[in-house]
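The values are calculated or read from the model by the stated rules, or taken from the named source; none is laboratory data. Nothing here was measured: the structure is a model prediction, and the numbers come from that model. Here Cβ is always computed from backbone atoms with ideal geometry, including for glycine, and neighbour counts include all displayed protein chains. Side chains are part of the model used for accessible areas, which takes the heavy atoms of the whole protein and leaves out ligands, DNA and RNA. Shrake-Rupley method; radii C 1.70, N 1.55, O 1.52, S 1.80 Å.
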Amino acid sequence: MVDRHKVITVGGGPAGLLTAANIRGPNVVVIEASTRPGWPPHCTGLVSPDTARRFGVTDAITEVYREAVFLDDEFREICRIDGSPLAVRLSRPLLEEALAERVTSLGHRILYGTRVAEVSPSGCVSILGRGTICGERIVLAAGASPRFMRVFRAARCRVIPGFEIRVRLNARVNEDSFYTIHGWRVAPQFFAWLVPLRDGREALIGIGGSHPVERLEELIQRLHRIGVEVSSIESHRGGRIVLGPPAPSPLKGRLVGIGDVLCASKPFTGGGLYAISMLAGPLAKFIEHDDDQLLLETWNRLRSELKAQYILTRAARVFQPLWKLALRAVCSAAARGECRIDYDRHSSLVSCLTPRRGALRVGQEEAAERDSSRGLWFRAG
């Protein structure tokens with residue numbers, strides 16, 4: 001029997017918890033397979049300040065970064081983008097613990113250590129060892145689960161493996177910047193990254209694409225040769241990186257999706273927290289008022305943005321020399337104050353390219369100057 005006052009959320013990560021935290025009327029039951037919020041940690045957690053504000057958990061911000069530095073696969077600087085700040089890092093355990101407290105304070109329940117066997121479009125969820133519960137709506141927020149992605153016709157979604165380690169460094173790197181490494185020799189399907197922690201004496205180093213563990217080992221060896229030495233590995237984690245394209249709709253019968261089940265992730269810099277922060281509020285209003293207008297309007301705008309990013313990113317992987325030239329032009333335009341870069345809203349990069357005449361020429365001149373020497377992008381200390 002369907003309980004018209006109950007909402008069932010499958011998945012207790014940021015997507016499920018932020019949605020539940022925005023629902024005031026109906027009772028919500030959150031079903032989560034892990035035994036505690038935020039564990040095991042998943043993503044790096046880099047987001048724009050605007051995305052962090054939408055989550056509303058300032059205590060989860062552990063690092064602040066003023067600039068992004070783009071490097072090629074020879075560790076030569078392509079360009080850098082400044083911000084004040086440009087990005088922050090959200091600790092997933094701290095974020096999810098705070099959101100879980102907000103959810104339970106509203107009288108909702110979270111069932112940890114609970115696995116879902118089946119989900120029906122009619123509004124029922126079969127739980128392993130616990131029977132079946134039914135509700136007016138089921139929110140699917142279970143990550144990049146193929147069986148749930150198929151529900152929303154996201155079967156064409158490209159998903160690649162990723163691997164990340166947390167390390168201690170022998171030399172201090174610039175803690176104000178984070179670094180991404182692009183090129184066929186490093187990560188032909190995605191990119192690699194180095195994100196400093198704890199005043200630059202620790203870092204997260206990761207890579208996306210096929211054979212990520214082997215490629216990460218090669219990356220560490222290459223970093224060692226330029227003076228960035230890893231003294232110890234503190235932890236490691238693997239996962240799935242969602243690249244797109246996004247699903248046509250977040251609705252299917254009594255089911256509504258959010259997060260990776262919709263293939264809603266940034267394909268250029270990676271990560272689904274931005275899309276989650278945009279969609280959670282409208283999704284909650286849809287559940288409370290049974291009016292899908294705001295939800296569908298928000299999703300259509302978000303989907304258009306992510307789909308355009310997906311197309312441009314795939315082209316950039318193929319035409320890397322042209323992409324580097326365009327990225328240098330973007331950095332030049334931003335440095336001159338002609339446009340503002342939003343780390344999460346990739347359409348802001350395109351706005352830096354048009355309609356400014358001469359931007360590509362300036363980028364090409366700067367490229368020639370940088371390519372004359374490798375440059376030291378890290379700071380020993």
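Dipole magnitude for the chain: about 720 debye, using +1 per Lys or Arg Cβ and -1 per Asp or Glu Cβ, origin at the Cα centre. Each residue of region 315-322 was assigned a 3J(HN,Hα) from its phi angle through the Karplus expression (A = 6.51, B = -1.76, C = 1.60, θ = phi - 60°), giving 5, 5, 5, 7, 9, 4, x, 5 Hz with x at Gly and Pro. Does region 11-66 come out rounded, prolate or oblate by the C-alpha gyration tensor, with a ≥ b ≥ c the root eigenvalues, rounded set by a/c under 1.5 and, if not, prolate when a/b is larger than b/c and oblate if not? The shape class here is oblate. Heavy-atom accessible area for Thr132, with the other protein chains in place and a 1.4 Å probe, reaches approximately 80 Å². Placing a label point 7 Å from the Cα of Glu101 along the Cα-to-Cβ direction, the residues of region 56-70 whose backbone N falls under 11 Å from that point are 58-60. Taking the empirical scaling 2.2 N^0.38 Å for compact globular proteins as reference, region 104-148 has a Cα radius of gyration ratio of 1.22. Counting 0.36 nm for each residue step from Ile226 to Leu294 and taking away their Cα separation leaves a gain of 19.4 nm. 5 Å is the cut-off here: which amide hydrogens, built 1.01 Å from N in the peptide plane, fall below it relative to Ala171, excluding neighbours closer than 5 in sequence? Amide H neighbours of Ala171: Glu229. Shown here are the Rg and Dmax of the Cα trace of region 74-232, at 20.9, 58 Å. Computed from backbone phi with θ = phi - 60° and the Karplus coefficients 6.51, -1.76 and 1.60, the 3J(HN,Hα) list for region 20-36 is 4, 5, 9, 8, 9, x, x, 6, 10, 10, 9, 10, 9, 6, 6, 8, 7 Hz; x is used for glycine and proline.
Computed 3J(HN,Hα) for region 192-202, one whole-Hz value per residue from the Karplus formula 6.51 cos²θ - 1.76 cosθ + 1.60 where θ = phi - 60°, is 10, 9, 9, 10, x, 10, 6, 6, x, 9, 10, glycine and proline marked x. Computed with a 1.4 Å probe over protein heavy atoms only, the accessible area of Leu322 comes to about 110 Å². Can you give the log10 of the normalised intensity I(q)/I(0) at q = 0.10, 0.11, 0.15 Å⁻¹, computed with Debye over equal Cα scatterers of the chain? With no solvent term, the Cα-only Debye profile gives -0.65, -0.78, -1.33.
In straight-distance terms, cross-link reach from Lys285 covers every one of the lysines whose alpha-carbon lies under 27 Å from its own, apart from those fewer than eight places away in the same chain; here that gives Lys6, Lys252, Lys266, Lys307. Between Ala117 and Arg336, the modelled labels are 6.5 nm apart [label points 7 Å from Cα along Cα→Cβ].
Accessible area of the chain with a 1.4 Å probe: how many percent of it is carbon plus sulfur? Its accessible area is 51 percent carbon and sulfur atoms. Averaged over its residues, the chain has an accessible area of 44 Å² per residue, based on protein heavy atoms and a 1.4 Å probe. Ellipticity at 222 nm from helices only: DSSP H runs of n ≥ 4 in the chain, each -39500 (n - 2.57), divided by the residue count, give -10500 deg cm²/dmol. Taking Met149, Met278 and ordering them by how much accessible surface each has at a 1.4 Å probe, largest first, produces Met278, Met149. Distance between the 7 Å Cα→Cβ label points at Arg168 and Gln320: 3.4 nm.
Only protein heavy atoms count here; under a 1.4 Å probe, His211 has an accessible surface of about 120 Å².
Residues whose amide H falls under 5 Å from that of Ala142, counting only those 5 or more places apart or on a different chain, are Val261, with hydrogens built in the peptide plane. Stokes-Einstein diffusion for region 299-357, with the hydrodynamic radius set to the Kirkwood value over Cα pairs and evaluated at 10 °C in a medium of 1.306 mPa s, equals 131 µm²/s. Between the beta carbons of Glu217 and Ile160, assuming R0 = 22 Å, the FRET efficiency works out to 0.80 to the nearest 0.05. Once the C-beta distance of Ser210 and Ser34 is scaled by a Förster radius of 30 Å, the resulting FRET efficiency is 0.65 to the nearest 0.05. Distance between the 7 Å Cα→Cβ label points at Lys252 and Asp50: 3.0 nm.
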